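Take a look at the structure below.
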Amino acid sequence: MNGRYIEFWQVLVVSSLRYFVFAGIAYIIFYVWKKHRWSNYKIQSTDPDDISVDNELTHSMITLLIFAGVIYLVLFTPVREYTRIYMNIHERSGLYYIFSLLSVILLHDTYFYWTHRLMHWRKIFHYVHCVHHRSHNPTPLAAFSFHPLEAIIEIGILPLIVFLLPVHRSVIALFSLYMLSMNVIGHLGFEFFPKRFVRHKLFRWFNSSTHHNMHHHYGKGNYGLYFNLWDRLLGTNHPDYEEEFERVVDSRDNTKLS
């Protein structure tokens with residue numbers, strides 16, 4: 001068993017553990033252990049069926065295998081020598097470190113929006129994106145529930161980043177954690193933000209769990225990932241997004257008071 005083989009499985013194990021820590025624990029807390037404790041925070045009143053949950057878990061396992069393969073190829077083979085990853089954190093300033101992390105997040109948000117819209121193109125939707133949309137009422141386990149072709153598109157952001165920008169290896173790790181945590185929040189199915197969130201001058205540019213939940217429920221609109229920038233600029237927010245968000249929060253808060 002050579003070193004590269006071991007490194008591939010190390011990547012697969014770490015990626016899988018990270019998924020189960022973030023998505024798995026969130027699922028256990030909100031859909032099993034404390035299900036009734038948080039029921040008034042639920043965006044859709046019904047629970048997802050077992051078939052949908054099994055589908056989310058199965059396709060996430062396939063996605064993790066694909067993700068690990070690409071990560072291994074980019075970071076643990078001779079391909080690495082052609083990237084712009086740097087190992088010595090003192091090679092660039094702390095200010096650049098922060099700049100690079102923010103740039104990676106903004107780049108991914110843009111990448112996600114446009115690839116997401118492309119995958120909703122009628123001619124390719126059923127070949128690429130339909131698997132993810134089997135979850136009309138998603139759980140955190142849907143965070144990586146992709147068709148293999150979509151999984152390749154999603155992880156395509158990694159080579160784009162490392163060949164385009166000088167990034168320290170820890171920036172990639174932090175970005176990966178941020179991406180997964182925000183993905184889990186988007187598929188959580190529960191809304192915790194306050195009512196004024198979508199009307200606030202600053203916070204309205206950030207997405208909520210309701211935002212992506214509506215995308216799954218209605219099957220169109222609300223294409224953004226982290227930020228509500230492209231959806232607002234290009235008019236692709238669901239027309240009832242703000243009203244639906246406030247309805248969910250009103251229902252939640254009224255239940256708490258009763």
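From the P(r) of the stretch 1-61, could you give the percentage of C-alpha pairs in the tail past 17 Å? Value for the stretch 1-61 (Cα pairs over 17 Å): 55 percent.
For TYR127 and SER181, FRET efficiency with R0 = 22 Å and r from the beta-carbon atoms, rounded to 0.05?
Values: r = 29 Å, r/R0 = 1.34.
The pair SER181/TYR127 has a calculated efficiency of 0.15.
Against the chain, whose longest principal axis is taken from its Cα atoms, helix 50-75 shows a tilt of about 20°.
Quick one: grab the alpha carbon gyration tensor of the stretch 172-249, order the square roots of its eigenvalues as a ≥ b ≥ c, and give me rounded if a/c is under 1.5, else prolate or oblate depending on whether a/b is larger than b/c.
Numbers: a/c = 1.44, a/b = 1.39, b/c = 1.04.
In terms of gyration-tensor shape, rounded.
On a 0 to 90 degree scale, rounded to 10, what angle separates helix 94-119 from the longest Cα axis of the chain? Result, in degrees: 60. With kT/(6 pi eta Rh) evaluated at 20 °C and eta = 1.002 mPa s, and Rh the Kirkwood radius from Cα pairs, the stretch 1-121 diffuses with a coefficient of 118 µm²/s according to Stokes-Einstein.
Starting from the residue with the highest accessible area, list MET182, MET87 in decreasing order, probe 1.4 Å. Kindly include the intermediate steps, with their values, before the conclusion.
Numbers: MET182 50, MET87 85 Å².
The ordering from most to least exposed comes out as MET87, MET182.
Label-to-label distance for ASN40 and LEU149 is 4.6 nm, based on points extended 7 Å past Cα in the beta-carbon direction.
Taking a ≥ b ≥ c as the square roots of the eigenvalues of the alpha-carbon gyration tensor, the stretch 93-201 is classed oblate because a/c is 1.5 or more while a/b is no larger than b/c. When every Cα-Cα distance of the chain is counted in 5 angstrom steps from zero, the calculated P(r) takes the values 1, 6, 12, 16, 18, 16, 13, 9, 5, 2, 1, 0, 0 percent. Charge dipole (Cα centre; +1 on Lys/Arg Cβ, -1 on Asp/Glu Cβ; no other charges) of the chain amounts to roughly 440 debye.
Which part of the stretch 193-210 falls in the paramagnetic zone of ARG247, meaning amide N under 14 Å from the point 7 Å along Cα-to-beta-carbon? Backbone N within reach: 210. Angle between the Cα long axis of helix 209-218 and the longest principal axis of the chain, 0 to 90 degrees, nearest 10? Its long axis makes an angle of about 80 degrees.
On full extension, the segment bounded by PHE99 and LEU73 gains 6.8 nm, given 0.36 nm per residue less the C-alpha separation.
The modelled label-to-label distance for the pair ILE25/LYS220, using points 7 Å beyond Cα in the direction of Cβ, is 3.9 nm.
The values are calculated or read from the model by the stated rules, or taken from the named source; none is laboratory data. Values in this document were obtained by computation on a predicted structure and should not be read as measured data. As a convention, Cβ positions derive from the backbone with ideal geometry for all residues, glycine included, and neighbour counts pool all protein chains shown. Calculation scope for accessible area: heavy atoms of the full protein, side chains included, ligands and nucleic acids excluded. Shrake-Rupley method; radii C 1.70, N 1.55, O 1.52, S 1.80 Å.
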